[in-house]
Amino acid sequence: MYITQVGAECAPVAKVGGLGDVIHGLSRELAKQGNEVEVILPKYDCLRLDLIEDRRRVCEDLQVPFYDQWLPCRVESGTVDGIHCFFIDPDSDHGFYRRGHIYGEVDDPGRFAFFSRAVLEFLLKTDRQPDIIHCHDWHTSLLSVLRWEVHEALGLSRPRICHTLHNPVYQGIAGEYLLRAVGLAPARLMTRERLRDQGNPHAVNLLQGAIVYANSVTTVSPRHAWEVLHTDQGLGLQEALHTHGHKLQGVLNGIDEDTWNPRTDPQIVRNYGPESLPGKARNKQQLRRRLGLEEAAKPLVAIISRLDRQKGVELMRHAIHYALGNGCQMVLLGSTSEPWIEELFRDIARRYEASGDCHLALRYDEELSHQIHAGADILVIPSLYEPCGLTQMTAMKYGVVPVVRRVGGLADSVFDANYSDKAFEEVNGFLFDDPTPEGLESALGRAIRLWFEHPEYFRQLRLNSMHTDNSWARPAQRYLDIFEAIKA
Ligand code: ADP
């Protein structure tokens with residue numbers, strides 16, 4: 001199948017978060033399974049050009065309409081980690097992708113609306129007719145709308161569109177001017193059934209547009225697909241999602257097993273696998289040394305997370321107190337842009353500073369995150385909202401037993417050691433339902449007790465985690481099934 005991936009990020013050349021990892025990991029796996037895959041991105045000035053091979057100009061004079069002008073663009077191609085990519089580079093005073101970063105500009109809706117139109121113009125001009133255009137998040141939502149409202153008639157008749165919602169908190173809300181900017185008719189589209197926002201009748205909701213116009217809509221876990229339909233996690237999109245419910249499916253993300261592999265990870269002191277678990281003990285020792293924790297017969301409980309309300313900051317605080325009060329050591333690696341949250345955790349750090357059992361690293365640190373995965377025994381993820389979540393999957397790969405709230409992708413990837421209908425070899429962690437201190441204790445308490453009282457069983461749980469298949473192989477196959485079903 002010929003598949004074009006279109007999004008705002010692709011790791012490692014343009015990555016802010018999980019979206020970049022998904023486009024990268026999924027594209028690689030789809031290509032590995034024999035498909036023709038390409039990724040189209042804006043040519044940001046902050047692209048990691050050093051990681052792009054074989055850069056070449058492939059198109060000099062792409063003309064893209066914007067309001068009443070035609071903006072000239074150049075298009076380059078290149079290879080990123082074996083993935084064939086195109087980069088669209090407009091030459092105009094707007095400097096759309098020359099802002100030093102990927103997001104966070106007041107004209108973000110305009111920047112990405114222009115990108116959506118430019119992608120379709122590029123496909124038309126170069127006579128590309130992919131079987132599938134796979135779009136991601138609000139940034140590329142207008143692609144589905146334009147494809148049907150404009151480009152079908154211009155000759156782009158083959159591609160069918162699958163749109164993936166990674167995090168529906170961000171929907172792309174803008175004034176109706178945005179539709180005019182890319183050549184769409186507001187009078188036709190500003191209806192409740194199409195792009196008019198449900199909360200603000202004067203605003204366009206781009207993500208809603210993708211739900212209405214795409215051939216298939218996916219969320220990043222099956223559980224989250226249910227949540228957006230049936231709970232307040234639909235965030236105003238419920239009506240559109242219900243109307244188009246027949247198109248909605250959830251596909252759990254995978255992880256990049258080249259980056260997250262304790263057998264080969266160059267950032268940890270001793271490589272190990274399920275057959276060489278003592279190597280993990282050596283990493284635990286090294287982590288304790290690095291962070292100034294005492295050597296003791298105690299489980300090491302970890303948190304690695306953005307420190308955000310969505311991630312359950314209050315429950316994280318409770319987890320720290322509870323773990324320390326129940327004979328554990330605790331490591332937290334987390335970052336936040338909100339000063340009050342930073343102060344909350346600084347306060348805890350000061351309180352336990354001298355204990356020799358607790359270390360809080362309030363920053364973003366890739367290397368330390370690998371070392372925590374290699375050294376920790378238990379990882380706590382108390383999210384209130386989690387479309388998929390990657391940390392539970394990377395943790396499992398390193399034999400860290402996850403303790404998670406039963407929400408979104410956490411519920412689809414962690415199977416409770418005591419209360420699950422899975423076979424014994426498939427259980428891999430602990431879950432709780434209520435986002436309360438008691439709820440958290442009901443799962444974390446079981447994990448801690450198991451470590452102290454039944455080390456052999458805990459070890460087996462570690463092995464089960466390590467054997468859990470969180471690779472991209474299965475998710476890529478699920479996407480292919482969806483693509484096959486909608487393809488022309
Ligand atoms: P989200 O994208 O909502 O932040 P995910 O679990 O999907 O959450 O992905 C976040 C990724 O970033 C995970 O791999 C996690 O381990 C990593 N991460 C989060 N905070 C930090 C940090 N402070 N330092 C290093 N890695 C982090």
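The values are calculated or read from the model by the stated rules, or taken from the named source; none is laboratory data. None of the values given here were measured: they were computed from a predicted structure. Positions of Cβ are backbone-derived with ideal geometry, glycine not excepted, and every protein chain shown enters the neighbour counts. For the accessible areas, the whole protein counts, side chains as well, though only heavy atoms, and no ligand, DNA or RNA atoms are used. Shrake-Rupley method; radii C 1.70, N 1.55, O 1.52, S 1.80 Å.
Mind listing just one residue for me: the one in the range 324-344 that is over 28 Å from the mean Cα position of the chain (by Cα) and among the small types (Gly, Ala, Ser) and, of those, surrounded by the fewest Cβ atoms within 10 Å (Cβ to Cβ)? It would help to see each step written out before you state the result.
Of the residues in the range 324-344, the ones over 28 Å from the mean Cα position of the chain (by Cα) are 324-329.
Narrowing further to those that are among the small types (Gly, Ala, Ser): 325, 327.
Working: GLY325: 8, GLY327: 14.
Per the criteria, the residue is GLY325.
Does any residue in the range 301-319 that is without any contact (Cβ under 8 Å) to a residue 60 or more places away in the chain come within less than 8 Å, Cβ to Cβ, of a residue that is in a strand (DSSP E or B) and within 12 Å of the ligand (Cβ to nearest atom) six or more places away or on a different chain, and which pairs are these?
Taking only residues 6 or more apart or on different chains, the pairs are ARG306/GLY334; ARG306/SER335; LEU307/GLY334; LEU307/SER335.
At pLDDT 95 or above and either open to solvent by 10 Å² or more (accessible area, probe 1.4 Å) or closer than 24 Å to ALA485 by Cα (or both): does that describe GLY236?
Numbers: at pLDDT 95 or above: no; either open to solvent by 10 Å² or more (accessible area, probe 1.4 Å) or closer than 24 Å to ALA485 by Cα (or both): yes.
Judged against the criteria, GLY236 is not a match.
Acidic (Asp, Glu), open to solvent by 10 Å² or more (accessible area, probe 1.4 Å) and within 12 Å of the ligand (Cβ to nearest atom): is that true of ASP347 in this structure?
Working: acidic (Asp, Glu): yes; open to solvent by 10 Å² or more (accessible area, probe 1.4 Å): yes; within 12 Å of the ligand (Cβ to nearest atom): no.
Here the answer is no, as ASP347 does not meet what is asked.
Tell me, please, whether a residue that is more than 16 Å from the ligand (Cβ to nearest atom), over 17 Å from the mean Cα position of the chain (by Cα) and without any contact (Cβ under 8 Å) to a residue 24 or more places away in the chain can be found in the range 33-45.
Checking the range 33-45: at least one residue is more than 16 Å from the ligand (Cβ to nearest atom), over 17 Å from the mean Cα position of the chain (by Cα) and without any contact (Cβ under 8 Å) to a residue 24 or more places away in the chain.
Would you say GLU9 is open to solvent by 50 Å² or more (accessible area, probe 1.4 Å), among the acidic types (Asp, Glu), within 19 Å of ILE133 (Cα to Cα) and out of contact with any Cys (no Cβ under 6 Å at 6 or more places or on another chain)? I'd like the intermediate steps shown before the answer.
Working: open to solvent by 50 Å² or more (accessible area, probe 1.4 Å): no; among the acidic types (Asp, Glu): yes; within 19 Å of ILE133 (Cα to Cα): yes; out of contact with any Cys (no Cβ under 6 Å at 6 or more places or on another chain): yes.
Taking the combined requirement at face value, the residue does not satisfy it.
Residues SER337, SER355: which one is within 14 Å of the ligand (Cβ to nearest atom), at pLDDT below 95 and out of contact with any Cys (no Cβ under 8 Å at 6 or more places or on another chain)? So that I can check it myself, show each step before the final result.
Numbers: SER355 fails: within 14 Å of the ligand (Cβ to nearest atom).
Result of the check over SER337, SER355: SER337.
Select from the range 283-305 the residues that are more than 13 Å from TYR398 (Cα to Cα), part of a helix (DSSP H, G or I) and more than 16 Å from the ligand (Cβ to nearest atom) and list them in ascending order.
GLN285, GLN286, ARG288, ARG289
Output the qualifying pairs, or none if there are none: Cβ atoms under 8 angstrom, residues six or more apart or on different chains, first residue in the range 267-289 and touching a residue at least 60 places away in the same chain (Cβ under 8 Å), second residue open to solvent by 70 Å² or more (accessible area, probe 1.4 Å) and of a type in the set (A, V, I, L, M).
ASN283/VAL269; GLN286/VAL269
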